[in-house]
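K.L.:
Provided herewith is a single structure, encoded as structure tokens, for subsequent inquiry.
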Amino acid sequence: MTERRLSPLDKLLARADNALRTLTPGTTKAERTPAHAAPVADAPEAGTLPSDQRRHVLGLMRINHTGEVCAQALYQGQASTASLPHIRHAMEESAREEEDHLAWCEERIQELGGVPSKLNPLFYAMSYAVGATAGLIGDRWSLGFVTETENQVVKHLESHLYQVPESDLRTRAILAQMKTDELKHAVTAKDAGGAELPPPVRHAMTLMSKVMTFTTYRI
């Protein structure tokens, strides 16, 4: 059975649908069950966090949620311009796996009494443009961009795990599972032929990440 060839309009509508689902609270659902390491269900709440700790954890989870919004946009942007079909499919598959993270973060934010960052639409648009540009430059560079992005995300998650109280098993379980998944994505992209990015590009990515974390923690 041959795969149906999508028209440019079909592809545009699919990208728009993904953007709306990513940015609209409550529309993304985690596919993995507890048997497949869904941390939200596996780690019950351990007591009530003090208000100051709750606010800090909420800010951290808002950062992580926006990071997953950006991941969706990056992968979709890269898939839209990837020249090789297997690279495009790999990007789309990674985006689907990241949807679990998006749902877990959103649910935890709600449990902590907060809402996602109001800046998510802006960061989605910026990340989609960056991903599409990386895809246009070439698949090796696009994969290299994935590797560097995921490596930086792993460092962020390690930092957040250090800051989250030991008693907050629920948040810690989410971050730990995300770290495992992101590391897998980084290794997969590198093994698929991802090129090492030049230092100026890596520094620019780090700077953009700092801007995102500073603003979404508060807004």
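The values are calculated or read from the model by the stated rules, or taken from the named source; none is laboratory data. Just so we're clear, the structure is a prediction, and the values are computed from it rather than from any experiment. Every residue, glycine as well, gets a Cβ built from its backbone with ideal geometry; the counts of neighbours run over all protein chains shown. Please note that ligands, DNA and RNA were not included when accessible areas were found on the heavy atoms of the full protein model with its side chains. Shrake-Rupley method; radii C 1.70, N 1.55, O 1.52, S 1.80 Å.
K.L.:
Which whole-number value in Å² is the accessible area per residue of the stretch 147-209, probe 1.4 Å?
P.N.:
In whole numbers, the stretch 147-209 has 52 Å² accessible per residue.
K.L.:
Heads up, I need the accessible area for His156: 1.4 angstrom probe, whole protein in place, Å², nearest 10.
P.N.:
So the heavy atoms of His156 present about 60 Å² to solvent.
K.L.:
Place the peptides 131-138, 197-204 in order of packing, highest mean first, counting for every residue the other Cβ atoms within 10 Å and averaging per peptide.
P.N.:
131-138, 197-204
K.L.:
If you don't mind, there's one more thing I want to ask. How do Ser51, Ser142 stack up against each other in accessible area, from largest to smallest, with a 1.4 angstrom probe?
P.N.:
The most accessible residue leads, giving Ser51, Ser142.
K.L.:
In terms of solvent-accessible area of protein heavy atoms at a 1.4 angstrom probe, what is the ranking of Arg96, Arg170, highest value first?
P.N.:
Correct descending sequence by accessible area is Arg96, Arg170.
K.L.:
Something else: Working with all protein chains in place, sort Tyr162, Tyr217 by solvent-accessible area computed with a 1.4 Å probe, largest first.
P.N.:
Tyr162, Tyr217
K.L.:
Give a residue-ordered list of calculated ³J(HN,Hα) values for the stretch 176-189 (Karplus: 6.51 cos²θ - 1.76 cosθ + 1.60, θ = phi - 60°; whole Hz; x for Gly, Pro).
P.N.:
5, 5, 4, 4, 4, 5, 5, 5, 4, 4, 5, 5, 4, 5
K.L.:
Using the beta-carbon distance between Arg55 and Thr133 and R0 = 35 Å, what value does 1/(1 + (r/R0)^6) give for FRET efficiency, to the nearest 0.05?
P.N.:
0.45
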